[in-house]
Amino acid sequence: YVAAVYEHESILSPAPAARVERRSALELMGRNLDVYEQQVLAAARQRAQIIVFPEDGIHGFNFTRSSIYPYLDFVPHSLSGKWNPCREPYLFNDTEVVQRLSCMALKSKMFLVANLGTKQPCERSDPRCPPDGRYQFNTNVALAADGTLLATYRKHNLYFEYAFDTPPEPDYAFFDTPFAGKFGMFTCFDILFFEPAVNLIRQYNLKQIVYPTAWMNQLPLLSAVEFQQAFATAFNVNILAANIHHPTLGMTGSGIYTPVKSFIYHNMESYGGKLIVAEIPVITADYKTRLEKTPGRISEKGKEQSPPSFYAEMMYDNFTFVPVWGEKGELQVCANTLCCYLNYQRAVLTDELYALGVFDGLHTVHGTYYVQACALVKCGGLSFSTCGQEVTDATALIDFQLWGNMSTPYIFPLLLTSGITLDFADHMGWKNNHYFLSKNRTSSGLLTAALYGRWYEKD
């Protein structure tokens, strides 16, 4: 099927904390919706059957709970499939945004997924009802090609979003399409947690995901395109991921991903939005087996003397590292119950320091979640203290096999190359209770090769 995602540079309110009238909120959102409309037409010309827009793309961000209120639409949560906002605009008040989105879908005969702020009055008798008498949700809507509202999803894992409430129960949102079956739906930070993202995919055996996001890149392990691809590979799904484009805030990185191929956009240099359109296969059965061809060997633990280990901060976590010296070698490094192993060979020795790092613990900055990671990274400079820094360019071509005795089945294989481009492993999978990733000769200089494990039970 042909899918489209749009990385949108949103027109932001100059003073998001100030209270405005609904009229001026609609005027600002209308300017973003005008851009959406142009992009839907452009995608339709390329035969797209579905288009996905980013999180916060219509209203922007940095609101307070009260200043966002005029920007919120009323979108009933349980009416999915019974209401066509374009054809029945009179059913509810304050639905101008969802009406426009519905009319775009109808006019282009395309499925459309967008993110907006919504409000829902609540009763004083509801113990969770906020003091102002309403819930405010970060919401995705999915609209059918005839404009019908198919599904809504209210973001569960909020990322410092004081304007919004967490829904009382996680939403498991999905919708059906004639061209690719069921699509699941979640938002941004949700991708790092079991609820509802992982549970949704497992419970409903979903193979296609739509994913609006407003993601601030964090190298070396959580760059948007890197993690989006890893998620598609780990769960054997297609992901249509639309990010916001604000390079000054570190926000870029959208794509259309299959488990073995990607069409991505990552651009920190220029301004303006970007439409990605690609034709991808519908995933039906699990073709995981193809990825799990066993490698030549998982060698016995390195017999030679390992180089000295050292500590450095990476992604706000205290990693234990060993330097990757010389043109080839076998290394191991351990922390808690996790041991990581690396066999490597370099064609040419370059003047770059690489290190193999391990972390097995609770990550506590900007969110709390338990991580088990084995990571081969390029350091920022030649001293140990630069390992873990954000690096975007590299020249070293390294053949490697990386493996670890992970305690969780949820492993995200990361493979990032120079210029924030993606590469794909030759082999990966489980063998003898270890998860491995191997690659002969990356397409360009290696930035990061990592096994990023999420041990959800220990959150």
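Would you point out the residue of segment 64-84, among those that are in a helix (DSSP H, G or I) and open to solvent by less than 20 Å² (accessible area, probe 1.4 Å), that is nearest to Ala242 (Cα to Cα)?
The residue in question is Tyr71.
For segment 47-56, does any single residue satisfy the condition of being buried (at least 21 other Cβ atoms within 10 Å of the Cβ), touching a Gly at 6+ places or on another chain (Cβ under 7 Å) and under 17 Å from Arg154 (Cβ atoms)?
No, there is no match, as no residue in segment 47-56 is buried (at least 21 other Cβ atoms within 10 Å of the Cβ), touching a Gly at 6+ places or on another chain (Cβ under 7 Å) and under 17 Å from Arg154 (Cβ atoms).
Across segment 381-391, which residue is nearest to Phe319 (Cα to Cα) among those that are buried (at least 17 other Cβ atoms within 10 Å of the Cβ) and not small (Gly, Ala, Ser)?
By that ranking, first place goes to Cys387.
Would you check if Ala234 is within 15 Å of the chain's Cα centre (by Cα) and assigned to a helix (DSSP H, G or I)? First the steps, then the outcome.
Details: within 15 Å of the chain's Cα centre (by Cα): yes; assigned to a helix (DSSP H, G or I): yes.
For Ala234, the condition - within 15 Å of the chain's Cα centre (by Cα) and assigned to a helix (DSSP H, G or I) - is met.
What's the total number of residues in segment 106-120 that are assigned to a loop (DSSP other than H, G, I, E, B) and either open to solvent by 10 Å² or more (accessible area, probe 1.4 Å) or outside the structural domain of Asn32 (by the TED database) (or both)?
The qualifying residues number 1.
Consider Ile51 against the criteria (1) assigned to a loop (DSSP other than H, G, I, E, B); (2) at pLDDT 95 or above; (3) within 24 Å of Ala145 (Cβ to Cβ): it satisfies all of them except one. Which criterion is unmet?
The one condition Ile51 does not meet is (1).
Count, please, the residues in segment 92-145 that happen to be among the aliphatic types (A, V, I, L, M) and on the phi > 0 side of the Ramachandran plot.
0
With (1) part of a loop (DSSP other than H, G, I, E, B); (2) of a type outside the set (Asp, Glu); (3) under 21 Å from Thr152 (Cβ atoms); (4) open to solvent by less than 30 Å² (accessible area, probe 1.4 Å) as the list, and Phe61 as the residue in question, which single condition is left unmet?
The single condition Phe61 does not satisfy is (4).
Could you list, in sequence order, all residues of segment 237-255 that are out of contact with any Gly (no Cβ under 9 Å at 6 or more places or on another chain) and not in a loop (DSSP other than H, G, I, E, B)?
Matches in segment 237-255: Asn238, His246, Pro247, Thr248, Leu249, Met251, Ser254, Gly255.
Evaluate the following for Ala373: is it closer than 23 Å to Pro308 by Cα, in contact (Cβ under 8 Å) with a residue 40 or more places away in the chain and not assigned by the TED database to the domain that holds Glu269?
Yes.
Using beta carbons and a limit of 6 Å, which pairs, at least six apart or on different chains, have the first residue in segment 32-52 and among the acidic types (Asp, Glu) and the second one buried (at least 22 other Cβ atoms within 10 Å of the Cβ)?
Listed by first residue and then by second, the contacts come to Glu37/Met104.
Determine, yes or no, whether Asp165 is without any contact (Cβ under 8 Å) to a residue 60 or more places away in the chain, acidic (Asp, Glu) and touching a helix residue (DSSP H, G or I) at 6+ places or on another chain (Cβ under 6 Å).
Spelling it out, it is not the case that Asp165 is without any contact (Cβ under 8 Å) to a residue 60 or more places away in the chain, acidic (Asp, Glu) and touching a helix residue (DSSP H, G or I) at 6+ places or on another chain (Cβ under 6 Å).
Among the strands (runs of 3 or more DSSP E) contained in segment 156-217, which hold 1 or more residues that are assigned by the TED database to the domain that holds Glu7 and open to solvent by 40 Å² or more (accessible area, probe 1.4 Å)? Full working, then the answer.
Details: elements: 173-177, 181-185, 208-212.
Where strands (runs of 3 or more DSSP E) fall fully within segment 156-217 and carry at least 1 residues being assigned by the TED database to the domain that holds Glu7 and open to solvent by 40 Å² or more (accessible area, probe 1.4 Å), they are 173-177, 181-185.
Scan segment 382-419 for residues that are more than 24 Å from the chain's Cα centre (by Cα) and farther than 23 Å from Gln372 by Cβ and report the count.
Here the count works out to 8.
I'd like to check something: does segment 97-105 contain any residue that is assigned by the TED database to the domain that holds Lys155, polar (S, T, N, Q) and in contact (Cβ under 8 Å) with a residue 40 or more places away in the chain?
Yes: segment 97-105 contains one or more residues that are assigned by the TED database to the domain that holds Lys155, polar (S, T, N, Q) and in contact (Cβ under 8 Å) with a residue 40 or more places away in the chain.
The values are calculated or read from the model by the stated rules, or taken from the named source; none is laboratory data. Since the model is a prediction, treat every value here as computed from it, not as a measurement. Because the Cβ atoms are built from the backbone with ideal geometry, glycine has one as well, and the counts that use them run over all protein chains shown. Ligands, DNA and RNA are stripped out before the accessible areas are found, and what is left, the full protein with its side chains, is counted by its heavy atoms. Shrake-Rupley method; radii C 1.70, N 1.55, O 1.52, S 1.80 Å.
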